[in-house]
């Protein structure tokens, strides 16, 4: 456990050195919230009688977690190219602990970015049902961050090309983002897309955040937590296996 803690601190500090990367990853969520949010607000309110800023802000927080996870996976590829990973792997510790430490460090950065996005949401007019629900929102943020940091680590462990990684992740993460219900309701989608949305783990993260922050659930809190927890454990297991086979 001490080794996992040391790796978490190392990963956290290394991410903080790249503040430009951290804040640049906030660009897409903030664009959707500020630009599309105010632009679509009149149409959304006319169609649903709901406030679009209230609807979209929990989804934007979830997208910030997803975007930050991509940066974490790219960092693993750079570590392999510049030799830092080799120095880490020679440490007298199982590789699974190294993977857990990296994932926890990346998840900490992701949650920190999501909290910054949530702060901006407050500034643009978002109002949660109650401040007492923020600890539960943190639980959902952590589950989402761990899940997608583990997925990004698993992908980065199988790729050694820094140019191929963004192409692959864009192909994978773009459908995850747009079929999660973060930007618009998925209930009126065609049947096939609705099935994809149900199979999308981020849908349950968005639903959980939206539920605890504004009280609107599509599923249920237990369903959201169960799906996120099971998916997170599965991805951590897959990521640990692939990381154990990595050649620095």
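Observations
- Filtering the stretch 167-186 to residues that are touching a helix residue (DSSP H, G or I) at 6+ places or on another chain (Cβ under 7 Å) and more than 25 Å from residue 40 (Cα to Cα) leaves 168, 169.
- Leading residue by the ranking (surrounded by the most Cβ atoms within 10 Å (Cβ to Cβ)) among those in the stretch 123-137 that are closer than 17 Å to residue 217 by Cα and over 20 Å from the mean Cα position of the chain (by Cα): 128
- Pick from the stretch 221-241, criterion modelled with pLDDT under 90 and farther than 19 Å from residue 66 by Cα, ranking: nearest to the chain's Cα centre (by Cα): 240
- Considering 140, 100, the condition of being surrounded by 21 or more Cβ atoms within 10 Å (Cβ to Cβ), within 12 Å of the chain's Cα centre (by Cα) and within 23 Å of residue 225 (Cβ to Cβ) is satisfied by 140 alone.
- Against the test of being within 16 Å of residue 224 (Cβ to Cβ) and either in contact (Cβ under 8 Å) with a residue 24 or more places away in the chain or surrounded by 19 or more Cβ atoms within 10 Å (Cβ to Cβ) (or both), the options 105, 187, 181 yield a single qualifying residue, 181.
- Near pairs, Cβ below 6 angstrom, 6+ apart or cross-chain, from the stretch 147-163 (more than 17 Å from residue 200 (Cβ to Cβ)) to any residue that is in a loop (DSSP other than H, G, I, E, B): 157/246
- Extreme residue, farthest from the chain's Cα centre (by Cα), among residues of the stretch 190-200 that are assigned to a helix (DSSP H, G or I) and farther than 20 Å from residue 225 by Cβ: 191
- If you check 157, 162 for being assigned to a helix (DSSP H, G or I), in contact with a helix residue (DSSP H, G or I) (Cβ under 6 Å, 6 or more places away or on another chain) and modelled with pLDDT under 90, only one passes: 157.
- Test: residue in the stretch 206-215 that is surrounded by fewer than 21 Cβ atoms within 10 Å (Cβ to Cβ) and out of contact with any strand residue (DSSP E or B) (no Cβ under 6 Å at 6 or more places or on another chain): yes
- Residues (free of Cβ contacts under 8 Å to residues at least 24 places away in the same chain, in a loop (DSSP other than H, G, I, E, B) and surrounded by fewer than 14 Cβ atoms within 10 Å (Cβ to Cβ)) located in the stretch 217-248: 220, 247
- Selected residue (criterion: surrounded by the most Cβ atoms within 10 Å (Cβ to Cβ)) from residues of the stretch 152-178 that are under 23 Å from residue 82 (Cβ atoms) and under 15 Å from the mean Cα position of the chain (by Cα): 152
The values are calculated or read from the model by the stated rules, or taken from the named source; none is laboratory data. Keep in mind the model is a prediction, meaning the values are calculated, not measured. All Cβ positions, even for glycine, are placed from backbone atoms using ideal geometry, and neighbour counts span all protein chains on display.
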